[in-house]
Amino acid sequence: MNLPDLTAHELSKLIAAQEVSAREVAEALFERIAQLEDRVQSYLLLMRDKALEQADAADRKIAHGEPVGPLVGIPLALKDLLATRGFTTTCASKMLENWIPPYNATVVEKCAAAGMVFLGKTNMDEFAMGSSTENSAFKITHNPWDLERVPGGSSGGSAAAVAAGEAIIALGSDTGGSIRQPASLCGCVGLKPTYGRVSRYGLVAYASSLDQIGPLTKDVRDCALIMNVIAGRDPLDATSADLPVPDYTAHLNGEVQDLRAGVVTELLGTGIAPEVKDCVLAAVKQLENLGITCEEVSLPHSEYALPVYYIIAPAECSSNLARFDGVRYGYRADPPYKNVVDLFSRTRAEGFGREVRLRIMLGTYALSAGYYDAYYLKALKVRTLIKQDLDRAFQRFDFLVSPTSPVLPFKIGERADDQMAMKLADICTIPINIAGIPALSLPCGFAQGLPVGMQLMGRPFEEQTLLRAAHAFEQSTDYHTRRAPL
Ligand code: GLN
């Protein structure tokens, strides 16, 4: 039995029956990491001592017959922009290379309370800006399905860790696709929950009107299990919604014949690679075989999502990242300084990487007097139009379908210098963040030995519908059972 290749729900049964201990599971994971990490490079920090302490605590509870949840003893990887008390939280930036938060993100607290075991912090694009994890200041993560290719980004370390069996579950964040696109490229399930569904307290902010935390898992049931842990109102995050949280596992096996799916015309047109399109259309056939009614639907404003995003996200990031000034946090340029402005500008020029500097400048420009109305205000208006397209679609359909990534995982270095090609990686995922709705990516086929992901998009706070449809599809295929050939 290869413990790192099992799902959380499979491990959970073994742990509950005391057939394996949480410590054995944790040790098996660190063994796997030792075997593969040279090649995959998912992690920026390993938390072995902490993990074994948590695993032993889980084993003691089980031995004493104390009540435990289904994720007790399950190993978890955390994207390195989630604050962890006593452990570096770098955002893969030189700016925060040595920053050790004095507090935990709410999701970290919740996972600890559920008895999960923290393996470490995963690599990412610096401050979550990118689609390939090549923007990390520290290392390049490799796709476990083909080590010459990118794992996607920005949560590329989280996705690669799950795909390589270096983690059972991982948490990521998604501002324009950063959970779903790497999930797609690494053959995982990834969910961006509704804006407000999961607390963002302790998530280092990129673009606050778009950011959400969510899981990357090996299958849909694991995704539902971890959502049960992390979802819900948090008094520490005023943007978290005060709405009841359903049991996400309760309806996984429910009927799907009553569901209606809209297949988004614009997201199967120009820019979508033929092999991706073929896989997704075959998957739509499979949804029909399951009794789901599928029809085409148009989202006429979706072509504006990318330009709107590249006004709004940089605008918000220029404001959020203003706090990194060399005085309060992280990196500080060496003295002497001519004056305080010299301290600020040298610190920021040296501490931030190229992509982050580019976005800050774009955002500052878009918000500057004279341009605010022409760019930022106009982007907000088009944002409303994009949202209205989706609202209209959801009057007819329970969920929508598209590819997650328009292309197969690309080669490391292939797009690094092509700004436009890199940014097009998110054409299918960005409209979802703009509208604040939930979307899930799941494996829907393979082309050239590489995984292809399908995106299911839902009404606000109806993650359970996406999970039910995704589970039905998954159980009728075997894509989720395949493991990367390492
Ligand atoms: N790739 C997009 C960007 O670079 C989205 C990143 C994200 O979701 N954090 O902004």
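Please treat every number below as a calculation from the coordinates, not as lab data. Worth saying up front: this structure is predicted, and the values here are computed from it rather than measured. All Cβ positions, even for glycine, are placed from backbone atoms using ideal geometry, and neighbour counts span all protein chains on display.
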Of the conditions (1) surrounded by fewer than 24 Cβ atoms within 10 Å (Cβ to Cβ); (2) under 19 Å from Ser405 (Cβ atoms); (3) more than 12 Å from the ligand (Cβ to nearest atom); (4) not β-branched (Val, Ile, Thr), the single one that Glu134 does not satisfy is (3)
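Do any helices (runs of 4 or more DSSP H) entirely within the range 152-245 hold 1 or more residues that are within 16 Å of the ligand (Cβ to nearest atom) and either among the basic types (Lys, Arg) or on the phi > 0 side of the Ramachandran plot (or both), and if so, which? Spell out the reasoning first.
Numbers: elements: 156-163, 180-186, 220-230.
Qualifying helices (runs of 4 or more DSSP H): 180-186.
Considering Ala447, Ala425, which residue is within 16 Å of the ligand (Cβ to nearest atom) and among the small types (Gly, Ala, Ser)? I'd like the intermediate steps shown before the answer.
Working: Ala447 fails: within 16 Å of the ligand (Cβ to nearest atom).
Result of the check over Ala447, Ala425: Ala425.
When the range 291-319 is examined, which residues are found to be under 30 Å from Ser345 (Cα atoms) and either crowded, with 17+ Cβ neighbours inside 10 Å or acidic (Asp, Glu) (or both)? Reasoning before the result, please.
Taking the range 291-319 first, the residues under 30 Å from Ser345 (Cα atoms) are 306-319.
Passing the criteria: Leu306, Val308, Tyr309, Tyr310, Ile311, Ile312, Ala313, Pro314, Ala315, Glu316, Cys317, Ser318.
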Step by step: first the residues of the range 320-367, then only those that are within 29 Å of the chain's Cα centre (by Cα) and acidic (Asp, Glu), then the one that is surrounded by the fewest Cβ atoms within 10 Å (Cβ to Cβ). Which residue is that?
Glu350
Please go through the range 72-128 and pick out each residue that is assigned to a helix (DSSP H, G or I) and under 17 Å from the mean Cα position of the chain (by Cα).
Thr106, Val107, Val108, Cys111, Glu126, Phe127, Ala128
All but one of (1) more than 16 Å from the ligand (Cβ to nearest atom); (2) assigned to a helix (DSSP H, G or I) hold for Pro431, so report the exception by its number.
(1)
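Might you let me know whether the range 395-402 holds any residue that is part of a helix (DSSP H, G or I) and farther than 19 Å from Tyr304 by Cα?
yes
Determine, yes or no, whether Leu466 is over 15 Å from the mean Cα position of the chain (by Cα), part of a helix (DSSP H, G or I) and hydrophobic (A, V, I, L, M, F, W, C). Break it down stepwise before answering.
Numbers: over 15 Å from the mean Cα position of the chain (by Cα): yes; part of a helix (DSSP H, G or I): yes; hydrophobic (A, V, I, L, M, F, W, C): yes.
Yes; evaluated as a whole, the condition is true for this residue.
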Has the range 404-424 got at least one residue that is surrounded by 14 or more Cβ atoms within 10 Å (Cβ to Cβ) and in contact with a His (Cβ under 8 Å, 6 or more places away or on another chain)?
yes
